[in-house]
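The values are calculated or read from the model by the stated rules, or taken from the named source; none is laboratory data. Values in this document were obtained by computation on a predicted structure and should not be read as measured data. Cβ: placed from backbone, ideal geometry, glycine included. Neighbour counts: every protein chain shown. Please note that ligands, DNA and RNA were not included when accessible areas were found on the heavy atoms of the full protein model with its side chains. Shrake-Rupley method; radii C 1.70, N 1.55, O 1.52, S 1.80 Å.
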Amino acid sequence: MSGKRHSMELSRPLVWAAPTLVTLAAGCYGISQAQPWRDELATWSAATRPVGDLFRLTRTIDASTGPYYLLLHAWTGLFGDSVVALRLPSVLAMAGAAGLTAVLGRRLFGAPAGLLAGLLFAVLPGTSRYAQEARPYALVTLFAVLATVLLVRALDRPGRLRGSFYAAAVAGLGLAHLLALSLLAAHAVVVLTTRAAGGLTAGPTRPPPDSDTRPGGGKPGDTRPGASGPGDNGPDDSRPGSRPGDNGPDSSRPGDSGSGDRRPGSGGSGHRRPVGGWRERRLWWWVVAVLVAGVVLAPLLVTAQGQRSHQLDWVAPARLADLAALPGGLAQSGVVGGLLVGLAALGAARSGWRGLLPDACVLLPVLLLFVAALAVPLWVPRYLFFTVPFACLLAGAALTGPPPPTARPGAGPPPTAQTEAELPPTARPEAGPPEAARPTPAGAQPAGTAGAGPAGTAGVTARTGAGLAVVVLAGLLGLPDQAAVRHSHGWPRSATVDYRGAAAVIAAGQRPGDAVVYAPRDGWLFLDLGIDYHLSRTAEGRTAEERATEDRTPGDRAAGGMRPRDVLVTRGRRDRADLWVDECPRPAECLAGVDRVWLVVAGRHDDPLAAVPGAKGDALRTGFAVDQVRPRPGVTVALLVRGG
């Protein structure tokens, strides 16, 4: 759709480029300030393994995240495993999602709404939060919006190529995160509804050139309601600038227009396939595309299902209070989340039929996951971040005012005096077919541009300016939370674990021959991964092969005096094919010959030795005394020395 069909003349590049650039700038700003939290440490551990070990890992745990790990494996092989390198793919994906949000908004509600939706998405603290995280949520968001854009395009004009692109996007969505496939419920509703009612975009949805939108088959001279005679513009005459005699989208090809062309499917008076078959194709191409994507995803679905109980054993069952907290959790700001919900609700009320798609894409995934989470622990708010762009679309529709008069499914533009004068008598409102059957003659305003003259343009400009002011307000309200997400990625933020600070304490005081012991070792805090990652930043000259050898062979980490030796490890993560290690069953024997131990304990403890349970604690308390204690947020580091 040309930019001239919108209420405000905005160039297409501006609509998507501005949100893309704003998101890119926000994502890159302070990208390395917040240290990697436990989930990102798991990403680092998985992505830096050899491909064979990575596939072994996904057969044990994290199968649903395996494709993302494989992508990061290739990326880190090229750009390294620094904080910036690990997070940059998410920044790029989120910037792409913002641009596509604007594109989708332009197609559904017009260019101003698309621009405002993309910019609102760009300034959300939650967008920056997940753009700066080495996890798949930005990629999920990108594929969710991309698949929806491709769905709208394919519904406008079904075809094998567009169906193939959509199937690929759905497969990418599932590979990024399986729970994001709940978006397909919304797509199904839209496909079934538009099959019966008509198009969704801001303007008439065109059947293919070999379809007839009216009974009568286009016999010359037939003036019955719905008949098309010589000079009728055909199904695509609603395009801006269409001329009488233009016969659909391909009429510019020589020999393809005019009433004398009687080839099947031509724009002339030959026989055309009925539009009912076209609408049936809308349903069947979608079914086939989803089935193809399902075949691609089936092995991953089976493997992930077997890992669910272990993968999500930390998740509590869903409660009604979780729904109320969801907007603030996704936006990473209670105030901005509340503002977004209010604008989205207003946009849903104003947008009517065209709001069906974003309405369904917001509500159905949330409701499906919540209902499932009542029985199975699945409720993790960040899993639903991919719904945020669709809420921003509704907010963009609210900020640009009510939609054009053609909100009824399948309705064409309202006839003007000029339109009625040029229509045959039987096609006028008092005697003709429904609005959907009326062509738009040359010179008439297309759908969605009523009032687009100087006064109308000024009004839209004013509404767009006011909408930009609201976007700026949302950005200002979110500034404290923008600062907070760059301070810590842990949630809640009060539970931050300062891996970087703990590693700095060890790096400053370590000596050759030192050992390190962690407590606890079997949970999801990954104290050992955090210390390993940050200590490796200070070990100049260490190669990837050396780091890989350390994961497989415990005991060589003190080589060169670079890091304390993880003295209790008997089997590393790569050998176990997961994210944990096996420790020595008789710790006292494994600690023999060690004079200094760095003890890293979760939480703040004045007496860290007392916080170590079992045989490991007994061995430490028997053989060592505390020399110094250095608490950091969420973790305590103590230096133990061998007793006399």
Selection from segment 604-641 of residues surrounded by 15 or more Cβ atoms within 10 Å (Cβ to Cβ), within 16 Å of TYR518 (Cβ to Cβ) and of a type in the set (Gly, Ala, Ser) yields ALA611, GLY617, ALA619, GLY634, ALA638
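Conditions (1) more than 23 Å from GLY467 (Cα to Cα); (2) polar (S, T, N, Q), marked per residue:
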{"site": "ALA289", "(1), (2)": "yes, no"}
{"site": "PRO299", "(1), (2)": "yes, no"}
{"site": "GLN305", "(1), (2)": "yes, yes"}
{"site": "GLN311", "(1), (2)": "yes, yes"}
{"site": "ARG319", "(1), (2)": "yes, no"}
{"site": "ALA331", "(1), (2)": "no, no"}
{"site": "GLY342", "(1), (2)": "no, no"}
{"site": "LEU346", "(1), (2)": "no, no"}
{"site": "LEU368", "(1), (2)": "yes, no"}
Inset, instruction - Kindly indicate whether VAL123 is without any contact (Cβ under 8 Å) to a residue 40 or more places away in the chain and open to solvent by 20 Å² or more (accessible area, probe 1.4 Å). - result: no
Residues in segment 322-371 that are open to solvent by 20 Å² or more (accessible area, probe 1.4 Å), in contact (Cβ under 8 Å) with a residue 40 or more places away in the chain and of a type in the set (D, E, K, R) total 2
Picked from segment 430-456 (must be part of a helix (DSSP H, G or I) and modelled with pLDDT of 50 or more), the residue least open to solvent (accessible area, probe 1.4 Å) is GLY456
Exercise. Check whether at least one residue in segment 147-155 is within 17 Å of the chain's Cα centre (by Cα), open to solvent by less than 10 Å² (accessible area, probe 1.4 Å), of a type outside the set (D, E, K, R) and within 19 Å of LEU300 (Cβ to Cβ), and report yes or no.
Key: yes
Those residues of segment 13-29 which are at pLDDT 95 or above and either in contact with a Cys (Cβ under 6 Å, 6 or more places away or on another chain) or surrounded by fewer than 20 Cβ atoms within 10 Å (Cβ to Cβ) (or both) amount to ALA17, ALA18, LEU21, LEU24, ALA25, CYS28, TYR29
Just one listed residue, out of LEU394, LEU374, LEU378, is modelled with pLDDT under 95 and either crowded, with 23+ Cβ neighbours inside 10 Å or in a loop (DSSP other than H, G, I, E, B) (or both), and it is LEU378
Exactly one of ALA515, ALA508 is at pLDDT 70 or above, over 17 Å from PRO36 (Cβ atoms), over 36 Å from the mean Cα position of the chain (by Cα) and open to solvent by 30 Å² or more (accessible area, probe 1.4 Å), and that one is ALA508
Here the qualifying pairs (Cβ atoms under 6 Å; residues six or more apart or on different chains; first in segment 64-81 and open to solvent by 60 Å² or more (accessible area, probe 1.4 Å); second part of a helix (DSSP H, G or I)) come out as PHE79/ALA85
Taking segment 462-505 and the residues there that are in contact with a helix residue (DSSP H, G or I) (Cβ under 9 Å, 6 or more places away or on another chain) and β-branched (Val, Ile, Thr), the one that is surrounded by the fewest Cβ atoms within 10 Å (Cβ to Cβ) would be VAL472
_Based on this model, can you work out whether GLY114 counts as buried (at least 24 other Cβ atoms within 10 Å of the Cβ), within 27 Å of LEU14 (Cβ to Cβ) and over 15 Å from the mean Cα position of the chain (by Cα)?_
yes
Taking segment 38-57 and the residues there that are under 20 Å from LEU527 (Cβ atoms) and assigned to a loop (DSSP other than H, G, I, E, B), the one that is most open to solvent (accessible area, probe 1.4 Å) would be THR48
### Query
Yes or no: TYR69 more than 30 Å from ASP578 (Cβ to Cβ) and among the aromatic types (Phe, Trp, Tyr)?
no
If we ask which residues in segment 287-321 are touching a residue at least 40 places away in the same chain (Cβ under 8 Å), surrounded by 14 or more Cβ atoms within 10 Å (Cβ to Cβ) and not aliphatic (A, V, I, L, M), their number turns out to be 4
Across (1) open to solvent by less than 60 Å² (accessible area, probe 1.4 Å); (2) touching a residue at least 60 places away in the same chain (Cβ under 8 Å), TRP524 clears everything bar (1)
